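Only one structure is covered here, and it is reproduced in the block below.
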Ligand code: PRX
């Protein structure tokens, strides 16, 4: 274990004591945690911050390289230990075990490939790859040489990819000829080709051969395996300042432009690893599996960095939960004797729709801890997970956090603090959540709903939005000056447990994916026949939320295929995950007198409400509500 025993609480009382210490003496506390790592030079001050600017600096003037902490130190102590288990898409294909020594060699070799291709410290590299070990290698190779990785989920469309490449002026793109997903093969390279038609900043592309598509590469493109022939596996780790950027990761916001959240080296290292150890109660020989994609923050923090920093064995799965059947997750748990299993409520709800025999036929006795992330988990899904997967003996950690927070913020700690169905429960050490009432006053009482805020900085708070610090300030620090505003509502019970009640802005969480309504509306509005549109979320029994689009057309007789055309546009502009479940053509949208769309009313209509809309007399056009209800699909 990399942490001193006194930093790892073993029971509720120890948690309470450590938590109190962490919030009364945060600098001493985080300094002790940070001592657990290899620094090339120790920090001179633990924290400097200013909520007004806003600016946060952790472990100031400390020097490090995160990959030395992920790899070199474990190669020294335990070189043959498995770092990554790769489980391929098809169950019959070969599983791969990569030891710390092998991973170190792969990362150093690929870091040399990056250098050979003129990538330098501070350059941005876009990584658009499926869930294969080379994705983790690419991430770490960037970190090794101080290049800033920007991983884009390989389900995003060419337009979304191009927007992200351009926003960060990426110099290089790492991708593959294609990917395997269930019984499909996806042509990733064509998506990249299309995106690159709109990106002048990219000098070179390195292509991993996964599907043997036999494509021919262009002049500035090279095959991954051929590049590896030109390098050795010796690569010095670049010395990074604690505050140097480690990566950019995009998340949706309330306007059309995605937000490139920037995470820094030192604080992110300390927080992602410390939370991993505590939340999942990871012990040295455990096999840990998080089913997320490395294209999301969950994959960054809890497939790659958190586990590797702890010297853990982390499983990477290339495929999908439904292939070859809906028992695939459980078959993998049995095959690799998985101890900690971390997934999304959407996956649980989807799997719970299938016969429980698909779970019961596998031996899940290795499981010790279960986790969920990304959206609220409803009681039914929690019960199903607990009874059928955990056999009522595994603690379930419901972990609340965000791309912006870098690591888990509110959760129970497995085998230490109690879980409570549908509650994320208690704050992580060092985290000070508060609830605000409607007058932006901190709520002292329990048993209340409010808006969630965070009172004090923590090491992995995103430092800025790439290229737009003003937006960073506006979105996260303006609503409640002196606090971080995550955009979620919450309820606090008598024992101080938090239940996250959902977004309070125009972001909808669909199947655990954070989707801003604005960019999807922008995509819909690109259709020649669309005058205006409004998109809202409504409850869905598997996805948590689904999208409902209300669309005003110029001419409702011109096209019979408007629904398909709009869906195609959304898939092309953002990706298939953003397609609405329902698209209703309407004659008008309910608006305030100042012209603002009353989404509250549309949300109610979308979720099946027929009568209770409150006072709609203040609307500019109250009659439109009835007409929308009459045409509801
Ligand atoms: O609304 C919250 C929801 O997901 C949002 C963050 O999304 P993203 O940045 O994509 O990161 C997802 C993975 C960390 C939050 O603002 N959310 C996340 N976890 C939970 C949750 N809602 C309820 N319960 C959770 N455990």
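Read the figures in this text as sums done on the coordinates, not as results from a lab. The model shown is predicted, which means the values in this text are computed figures rather than measured ones. As a convention, Cβ positions derive from the backbone with ideal geometry for all residues, glycine included, and neighbour counts pool all protein chains shown.
Region 16-44 to region 561-627: how many Å between their Cα centroids? That distance is 49 Å.
Normalising by residue count, region 511-629 has a Cα convex hull of 109 Å³ per residue.
Counting only DSSP beta bridges whose two residues both lie in the chain, roughly 60 percent are antiparallel.
Rounded to the nearest 0.05, what FRET efficiency do residue 528 and residue 215 give with R0 = 41 Å and r taken as the Cβ-Cβ distance? Could you check? Approximately 0.75, to the nearest 0.05. Here the peptides 134-142, 78-86 are ranked by packing, the mean other Cβ count within 10 Å, and the order with the highest first is 134-142, 78-86. Using a cutoff of 8 angstrom between alpha carbon atoms and counting only pairs six or more residues apart, the relative contact order for region 369-480 works out to 19 percent.
Secondary-structure-derived ellipticity at 222 nm for the chain, considering helices only, amounts to -8000 deg cm²/dmol, per-run term -39500 (n - 2.57) for DSSP H runs with n ≥ 4. Counted by neighbouring Cβ atoms within 10 Å, the residues 597, 454 run from fewest to most as 597, 454. Volume per residue of the convex hull around the Cα atoms, evaluated for the chain, comes out as 158 Å³.
Each part reduced to its alpha carbon centroid, region 431-503 and region 108-159 end up 33 Å apart. Each of 239, 191 was scored by other Cβ atoms within 10 Å of its Cβ. Listed from fewest to most, they are 239, 191. Based on DSSP, what percent of beta bridges with both residues in region 198-355 are antiparallel, to the nearest 5? Here the antiparallel bridges make up roughly 40 percent for region 198-355.
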